[in-house]
Amino acid sequence: MKGRDAAERADEEGANQKVVSMNNKLEKPRVLVLDDEMDMLRLLKRSLAEDLDCSVDISSRGEEALRMLSEGHFHVVLADIRMPGMDGMDFLRKALQMRSNLTVVMMTAYGSIDLAVQAIKQGAYDFIAKPFEHEKLVHIMKKALERSALVQENLFLQEQIRRQQGFQDMVAVSPAMKKIFETIQLVSKTDATVLITGESGTGKDMVARAIHNLSDRRAAAFIAINCPNLPENILESELFGYRRGAFTNATQDKKGLFLEAQGGTICLDEIGDISPTLQTKLLSVLQDKEIRPLGQNATVKVDIRIIASTNQDLKRKMENGLFREDLYYRLNVIAIHLPPLRERPEDIPVLAEHFLDKYSRKFSAGKKQFSPQLMSLFMRHHWRGNVRELENVVSRSVLLAQGDLITAEDIQWSFTPSSTDFIGEEQLRLPYKEAKARVLEKFHRDYLSHILTMHEGNVTKAARACGLERQALQQILRRYHVRTGHHRNNCG
């Protein structure tokens, strides 16, 4: 265990060194001082630059200071509240509208403490009352610079996490999905036909679109059509097009989707539901790269890539004579199977947070977060509708939640436990104490495995996420024989 702890500390120190080296590449911290007294400005410029080892810009007018903020990056702003024209409160409001994470320290005359407290409520980091001791001001400004550095580091880390988790609008951290992302990148460089399988709601349409967006065909059309939504005769005419007079009400020529997608990609969703007649015609398209519009004798060459998707077992349909074997093998040149959400639970928290951020912004709902109890229910839910169901639940929770903390009581949601969740028949046949012990052990193993997987085996980060001290989490890990190295090796 000591060896693993040392390795974890080394990992953390390495990460810290990366951040430090990144910050070292930046210039000295920049401070902007705003005050209408020029003598005060000159004094602060000289003293702060020397004591804080920073560059100091000064301004005597709020409008000018805002312009300076818009033209350059400042780590901390020191602004007086009482000024003619635009006062410090107006400046604070407009500055934070420009940069919501800006660190601002307010200066106020003695006796105006209530105004300074109001400034903090509106987003100021701290305040100092005039006349002040220079040492006290330097102490506050050092803390402000530290806060600014932490904000920048947090933004940097969030961007890194976003890049690691996101791929073509898909969010995941599980090894299974990362392998799929790699496959998509490889497949997109070819023109091979792709068959995407997976349960409803797993994101088959997003995979198809990602393949197109990364391919050389991305400048041309991407057309997706849900095959079961249209009757056979209408689906055929939509795909292949027709000539005027081909059938009743065909009063003019119609260009089919195969021709609309010329040079691009067409995605046939739920391919397992098309009729035997259409299966035969689609096979001809795949084999010969040509189509024959209804009512036309001549064939037309097409340059398209076909991607098909289905939530059905096509092999079983072949065995039952419901799907052509030759068509299956033409479609299944490259197979991508999307696992259901319940088989990759480590993706649930990052997806939930992704959708929470998405719908909080869409509905202008402010910053919200899930309660630990609700996140625990998310992790244990069966998710028959997979990612689509999770997205619907999160969007509804943003609308229904009364406060910033979203709880299970806030949302109208029917929790369905996973088949492996909580108490099974075996536990029900045991004495109470033994059954309780087994259930608790399973909970701890599952919970600890999930939290460690989410943080790639890093005990410090996992402890912070679940609200425990690092030593306390280590004791629990030892008690239930959960090894951090296993989760580190199984991540990305």
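Would you mind stating whether S188 is closer than 18 Å to M206 by Cα and at pLDDT below 90? No, not satisfied.
Could you check segment 83-111 and list, in sequence order, the residues that are in a loop (DSSP other than H, G, I, E, B), out of contact with any Asp or Glu (no Cβ under 8 Å at 6 or more places or on another chain) and closer than 13 Å to D36 by Cβ? Matches in segment 83-111: D87 only. Scan segment 103-123 and give yes if some residue there is at positive phi and touching a helix residue (DSSP H, G or I) at 6+ places or on another chain (Cβ under 7 Å), otherwise no. Yes, there is a match, as at least one residue in segment 103-123 is at positive phi and touching a helix residue (DSSP H, G or I) at 6+ places or on another chain (Cβ under 7 Å). Tell me yes or no: at least one residue of segment 58-68 is modelled with pLDDT of 90 or more and touching a Pro at 6+ places or on another chain (Cβ under 8 Å). Checked segment 58-68: no residue is modelled with pLDDT of 90 or more and touching a Pro at 6+ places or on another chain (Cβ under 8 Å). Can you give me the number of residues within segment 352-371 that are of a type in the set (S, T, Y) and not in a helix (DSSP H, G or I)? Result for segment 352-371: 2. For segment 86-111, the candidate set comprises residues that are among the hydroxyl-bearing types (S, T, Y) and over 14 Å from K130 (Cα atoms); within that set, the residue that is nearest to the chain's Cα centre (by Cα) is S100. With the requirement that a residue be in contact (Cβ under 8 Å) with a residue 40 or more places away in the chain and of a type in the set (D, E, K, R), what does segment 219-252 give you? Once the filter is applied, which keeps residues that are in contact (Cβ under 8 Å) with a residue 40 or more places away in the chain and of a type in the set (D, E, K, R), segment 219-252 yields E232, E236, R243, R244.
Counting only residues that are in a loop (DSSP other than H, G, I, E, B) and either modelled with pLDDT under 80 or surrounded by 15 or more Cβ atoms within 10 Å (Cβ to Cβ) (or both), segment 399-414 holds 6 of them.
For R488, the criteria (1) touching a helix residue (DSSP H, G or I) at 6+ places or on another chain (Cβ under 9 Å); (2) modelled with pLDDT of 75 or more; (3) assigned to a helix (DSSP H, G or I) hold in every case but one, which is (2).
Yes/no matrix, rows are residues, columns are (1) of a type in the set (S, T, N, Q); (2) closer than 30 Å to L286 by Cβ; (3) assigned to a loop (DSSP other than H, G, I, E, B):
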{"residue": "F323", "(1), (2), (3)": "no, yes, yes"}
{"residue": "I336", "(1), (2), (3)": "no, yes, no"}
{"residue": "V350", "(1), (2), (3)": "no, no, no"}
{"residue": "Q373", "(1), (2), (3)": "yes, no, no"}
{"residue": "M379", "(1), (2), (3)": "no, no, no"}
{"residue": "R384", "(1), (2), (3)": "no, no, yes"}
{"residue": "S397", "(1), (2), (3)": "yes, no, no"}
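Of all residues in segment 96-119, how many are of a type in the set (V, I, T) and over 25 Å from E71 (Cα atoms)?
Residues of segment 96-119 that are of a type in the set (V, I, T), as a first pass: 103-105, 108, 113, 117.
With the extra rule that they be over 25 Å from E71 (Cα atoms), the set shrinks to 108, 113, 117.
The qualifying residues number 3.
If the condition is being closer than 17 Å to M106 by Cβ, part of a helix (DSSP H, G or I) and in contact with a Leu (Cβ under 9 Å, 6 or more places away or on another chain), then segment 44-70 contributes L44, L48, G62, A65, L69. If we scan segment 226-240, do we find a residue that is surrounded by fewer than 17 Cβ atoms within 10 Å (Cβ to Cβ), of a type in the set (A, V, I, L, M, F, W, C) and more than 20 Å from L282 (Cα to Cα)? Within segment 226-240 (the criterion being surrounded by fewer than 17 Cβ atoms within 10 Å (Cβ to Cβ), of a type in the set (A, V, I, L, M, F, W, C) and more than 20 Å from L282 (Cα to Cα)), the answer is no, since none of the residues qualifies.
A single entry from D191, D205 fulfils the requirement of being more than 23 Å from G385 (Cβ to Cβ) and touching an Asp or Glu at 6+ places or on another chain (Cβ under 9 Å): D191.
The values are calculated or read from the model by the stated rules, or taken from the named source; none is laboratory data. Source: prediction; values computed, not measured. As a convention, Cβ positions derive from the backbone with ideal geometry for all residues, glycine included, and neighbour counts pool all protein chains shown.
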